[in-house]
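The values are calculated or read from the model by the stated rules, or taken from the named source; none is laboratory data. Predicted model, so just to flag it, every value in this text is computed and none were measured. Note: ideal-geometry Cβ built from the backbone for every residue, glycine included; neighbour counts use all protein chains shown. Note: areas computed on protein heavy atoms with side chains; ligands, DNA, RNA excluded. Shrake-Rupley method; radii C 1.70, N 1.55, O 1.52, S 1.80 Å.
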Amino acid sequence: AQLHKSLIPCETTDGKERMTHAMISSYTYEDEEGQEQRLAIVSLQDMTETFERLRKYSEIRDQALHELEERRKAEKALLENQDLLQSIADSSMDAIVLIDSKARILFWNPAAEAIFGYDKEEAIGADCHELLAPESDKDSIFKIMSDFAHSGNSKVVSKFWEGKAMRRNKTIFPV
């Protein structure tokens, strides 16, 4: 029968703290002469490394939970900002067209649909210059985009400029 079980903090002869698991068990048996005998077994097990691993795992778990909570908050804020930006873009009277470095259209708002005559589904993923640039301006636009892709500098990106664009019905208008 188990009589006692406990964790005991102790110090080794070199002054290091250790955590020892101690268990005392008692057994009754009959010896060769039929006499009842009692036997006590003391078991000691050094649990220091186990407790240290558990402490480290607990710290890692706590850090992971903290990071997950921070990520959840950031994702929530991002979604709120996306909703706000989408509302602004949807209600804008100006066409808002976002393209990547290869001139593929990534974003196309309702005003762009009305101004250019292409539905969002038709525009997203299309080459902006093939869709919107007048034939007479395509060479110069491709040069501007190529220079921007290689150097990061541009005469038109993030700047006010005047140019021409083409609607679905091929009419050309100033932009």
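So here's what we get for this one:
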read-out	value
Count of the range 1-29 residues which are part of a loop (DSSP other than H, G, I, E, B) and modelled with pLDDT of 80 or more	5
Output for the range 116-175, where each listed residue is in a strand (DSSP E or B) and either under 23 Å from residue 90 (Cα atoms) or touching a residue at least 40 places away in the same chain (Cβ under 8 Å) (or both)	127, 165, 166, 173, 174
Residue match in the range 146-157 (condition: in contact with an Asp or Glu (Cβ under 8 Å, 6 or more places away or on another chain) and open to solvent by less than 80 Å² (accessible area, probe 1.4 Å))	yes
Condition met for residue 44 (within 22 Å of residue 7 (Cα to Cα), open to solvent by 70 Å² or more (accessible area, probe 1.4 Å) and in contact with a Ser or Thr (Cβ under 7 Å, 6 or more places away or on another chain))	yes
Neighbours by Cβ (under 8 Å, 6+ apart or cross-chain): first from the range 98-111, outside any strand (DSSP E or B); second of a type in the set (Gly, Ala, Ser) and open to solvent by 50 Å² or more (accessible area, probe 1.4 Å)	101/149; 102/149
Residue within the range 60-73 that is hydrophobic (A, V, I, L, M, F, W, C) and within 27 Å of residue 134 (Cα to Cα) present	no
Filter pass, residue 139 being open to solvent by 70 Å² or more (accessible area, probe 1.4 Å) and acidic (Asp, Glu)	yes
Checklist (1) open to solvent by 80 Å² or more (accessible area, probe 1.4 Å); (2) touching a Gly at 6+ places or on another chain (Cβ under 6 Å); (3) of a type in the set (Lys, Arg) applied to residue 167, failing item	(1)
Single unsatisfied condition, residue 129 versus (1) open to solvent by less than 50 Å² (accessible area, probe 1.4 Å); (2) within 25 Å of residue 87 (Cα to Cα)	(2)
Every pair of residues 6+ apart whose Cβ atoms lie under 7 Å, when the first sits in the range 8-26 and is over 12 Å from residue 45 (Cα atoms) and free of Cβ contacts under 8 Å to residues at least 40 places away in the same chain while the second is outside any strand (DSSP E or B) and open to solvent by 60 Å² or more (accessible area, probe 1.4 Å)	25/1; 26/1
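This table checks each residue for (1) modelled with pLDDT of 95 or more; (2) among the polar types (S, T, N, Q); (3) open to solvent by less than 50 Å² (accessible area, probe 1.4 Å).
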| residue | (1), (2), (3) |
| --- | --- |
| 64 | yes, no, yes |
| 86 | no, yes, no |
| 93 | yes, no, no |
| 101 | no, yes, no |
